[in-house]
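A.B. asks: Pasting a structure below so you can have a look.
The values are calculated or read from the model by the stated rules, or taken from the named source; none is laboratory data. Everything numeric in this text was worked out from a predicted model, so none of it was measured. Note that each Cβ is placed from the backbone with ideal geometry, even for glycine, and that neighbours are counted across all protein chains shown. When the accessible area is computed, the model is the full protein with side chains, heavy atoms only, and any ligands, DNA or RNA have been set aside. Shrake-Rupley method; radii C 1.70, N 1.55, O 1.52, S 1.80 Å.
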Amino acid sequence: MAYSTSTNINLQTPESAKTALKVFFNIMDEWHICDTDQITLLGKPSQCVFDKWKSGEANTLDTATLERISYVIGIYKNLRLLFSEKEQANAWVHKPNEAFEGTLALDLMLSGNTSQLQAVRQYLDEQL
């Protein structure tokens, strides 16, 4: 039986959505990111949706939100690999970076564009 490559199969479960959000919010706590900036990093869901997510209520997440969370998790993971001290890794997003023309990685990530999250992740991938 042949399968179409355009078929969209959603393998996401409520548990995987909740886990992705829990990991995201744990990273945000470690990075000391305010709720307003968290909303931006998640792609600007409504305040009501954000509050539900933060309280652990989620059945599914759209692909764009999952992609954003994936980039954040990848950035976090790479920082933990690059820096032996957790505090140093967590502080990196708050420091000016020559690779981003002196801009904070966090400011770049907060531009609202997924491509900027990807750029930060790609930069860190190249540093490993």
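A.B. asks: Ignoring ligands, DNA and RNA, what accessible area per residue does the chain give at 1.4 Å, in Å²? List each step's numbers first, then the result.
C.D. replies: Numbers: 7760 Å² over 128 residues.
So the chain comes to 61 Å² accessible per residue, rounded to a whole number.
A.B. asks: Stokes-Einstein at 20 °C, 1.002 mPa s, Kirkwood radius from Cα pairs: D for the stretch 47-108 in µm² s⁻¹?
C.D. replies: On the way: Rh = 13.6 Å.
The estimated diffusion coefficient comes to 157 µm²/s.
A.B. asks: I've got another one for you. Ignoring ligands, DNA and RNA, how do Trp53, Trp31 rank by accessible area with a 1.4 Å probe, largest first?
C.D. replies: Values: Trp53 35, Trp31 0 Å².
In descending accessible area the options line up as Trp53, Trp31.
A.B. asks: Please report the carbon-and-sulfur percent of the accessible area for the chain; probe 1.4 Å, protein heavy atoms only, DNA, RNA and ligands left out.
C.D. replies: It is 50 percent, rounded to a whole number.
A.B. asks: Another question about this same structure. Suppose every K and R has +1 on its Cβ and every D and E has -1 on its Cβ; what is the size of the dipole of the chain about the Cα centre, in Debye to the nearest 20?
C.D. replies: 300 debye
A.B. asks: May I pose another question? Counting only C-alpha contacts under 8 Å and six or more residues apart, can you give the relative contact order of the stretch 1-124 as a whole percent? Show your work: numbers first, answer last.
C.D. replies: Details: 102 pairs, mean separation 31.3, N = 124.
RCO, the stretch 1-124: 25 percent.
A.B. asks: Now for a separate question. Charges on Cβ only, +1 for Lys and Arg, -1 for Asp and Glu, centred on the Cα centroid of the chain; of Gln12, Trp92, Asn26, which one is farthest towards the dipole's positive end?
C.D. replies: Of the candidates, Gln12 comes out farthest on the positive side.
A.B. asks: Still on this structure, I have one more. Ignoring ligands and nucleic acids, what accessible area does Val49 show with a 1.4 Å probe (Å², nearest 10)?
C.D. replies: 50 Å²
A.B. asks: Something else: Could you give the length gained on full extension between Glu67 and Glu30, defined as 0.36 nm per residue of separation minus the Cα-Cα distance, in nm?
C.D. replies: Details: separation 37, 0.36 × 37 = 13.32 nm, distance 2.03 nm.
Answer, rounded to one decimal: 11.3 nm.
A.B. asks: Give me the lysines in straight-line cross-link reach of Lys54: C-alpha distance below 23 Å, same-chain residues under 8 apart excluded.
C.D. replies: Of all the lysines, those that pass the test against Lys54 - Cα under 23 Å, at least 8 places apart if same chain - are Lys18, Lys22, Lys44, Lys77.
A.B. asks: While we're looking at this one, here's another question. Collect residues whose amide H, placed 1.01 Å from N in the peptide plane, falls under 5 Å from the amide H of Leu104; neighbours closer than 5 in sequence don't count.
C.D. replies: HN-HN under 5 Å from Leu104: Asn97.
A.B. asks: Still on this structure, I have one more. Counting only other residues whose beta carbon sits under 9 Å from that of Lys86, what net charge do I get with K and R as +1, D and E as -1? Before the final figure, lay out each step's value.
C.D. replies: Values: positive: Arg80; negative: Glu30, Glu85, Glu87.
Computed value for this residue: -2.
A.B. asks: Please give the FRET efficiency for Ser84 paired with Glu15, using the beta carbon to beta carbon distance and R0 = 30 Å, rounded to the nearest 0.05. Mind showing how you got there, number by number?
C.D. replies: On the way: r = 33 Å, r/R0 = 1.09.
Efficiency computed from Cβ-Cβ geometry: 0.35.
A.B. asks: Moving on. If you compute volume of the Cα convex hull per residue in Å³ for the structure shown, which of (1) 136; (2) 169; (3) 118 do you land on?
C.D. replies: It is the value labelled (1).
A.B. asks: A further question on this structure: Ser46: net charge of surrounding residues, Cβ under 14 Å, Lys/Arg +1, Asp/Glu -1, itself excluded? Show your work: numbers first, answer last.
C.D. replies: Working: positive: Lys44, Lys52, Lys54; negative: Asp35, Asp51, Glu57, Asp62.
Around Ser46, the charge tally is -1.
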